[in-house]
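Reviewing the structure listed below.
The values are calculated or read from the model by the stated rules, or taken from the named source; none is laboratory data. No experiment lies behind these values; they were computed from the predicted model shown. No Cβ is skipped: glycine too gets one built from the backbone with ideal geometry, and neighbour counts run over all protein chains shown. These accessible areas exclude ligands, DNA and RNA; they are computed on the full protein's heavy atoms, side chains included. Shrake-Rupley method; radii C 1.70, N 1.55, O 1.52, S 1.80 Å.
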Amino acid sequence: MSLVIPAAPPACVPVQGGGLFPVRRIYCVGRNYAEHAQEMGFTGREPPFFFMKPADAVLPVADGSVGTMHYPPQTANLHHEIELVVAIGTGGRDIAVADAARHIWGYAVGLDMTRRDLQNDMKKQGRPWCIGKAFDESAPIAPLRPIASTGELLRGAITLSVNGQLRQKGDLSELIWNVAETIATLSAAWTLQPGDLIFTGTPAGVGAVVRGDVMEGSIEGLGTLRVKVE
Ligand code: MN
């Protein structure tokens, strides 16, 4: 049978050194650093929870260049959340924590951009977060680095500056649910597949950006993601 409308091209993230990683799904972990959970009004180690963005929300930014993100509609409070992104290369379900690392294809620096005003409205009403989290260009991302070249990332500084001023600062070792535990928990609820990305949560210091701002996010061992809001 032929397609009755043209199929959309697959969303892809470039790989450092060449090649494209086709994105199937984007899973995101909520409140996964203690100080960020506190700034959002929560304490303690609650079980991890997840939301999703559409695959075509990725906004790939080449190494050494400054990407452009259009200020999204219907918000007056666009927030930055710098995050370690994990790319799944080998799928599976009910993955054990001890086996999780062999499912990782690589890593990238990413931004979970958030229409915080809309997200907060939805929270208050007990409604889904989609409009606050899953909008177009809501997932700027730097090129992927294969785990074969980075090794397993268990610690390292994660920072975000806006216009040269430090806003967010943490360390991957401070994740409440580490990457292996996150993969294990996710794979109990969904069958992970090659092409899935996982945004693993953001450290404290989230805040608003406006048109003209340049965000610069870095993770030790992965490089830097630069995005201008226009
Ligand atoms: Mn986030």
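Modelled label positions at Tyr71 and Ala157, each set 7 Å beyond Cα in the direction of Cβ, lie 3.1 nm from each other. Residues Arg31, Arg167, Arg102, ordered by accessible area of protein heavy atoms at a 1.4 angstrom probe radius and largest first, appear as Arg102, Arg167, Arg31. Summarising the overall dimensions of the range 13-229 from its C-alpha atoms, the Rg and Dmax are 15.8, 46 angstrom. Ligands, DNA and RNA are left out, and with a 1.4 angstrom probe the accessible area of the chain is 46 Å² per residue. Rolling a 1.4 Å probe over the protein chains gives Ser161 an accessible area of about 30 Å². Positive contributions from Lys and Arg (+1) and negative ones from Asp and Glu (-1), summed over other residues with Cβ under 10 Å from the Cβ of Leu160, come out at -1. Comparing Ser138, Gly221, Ala62 along the charge dipole axis of the chain, the residue lying farthest to the positive side is Ser138, per the Cβ-charge model.
In whole Å, how far is the Cα centre of the range 1-36 from that of the range 183-230? Computed from Cα coordinates, the inter-centre distance equals 12 Å.
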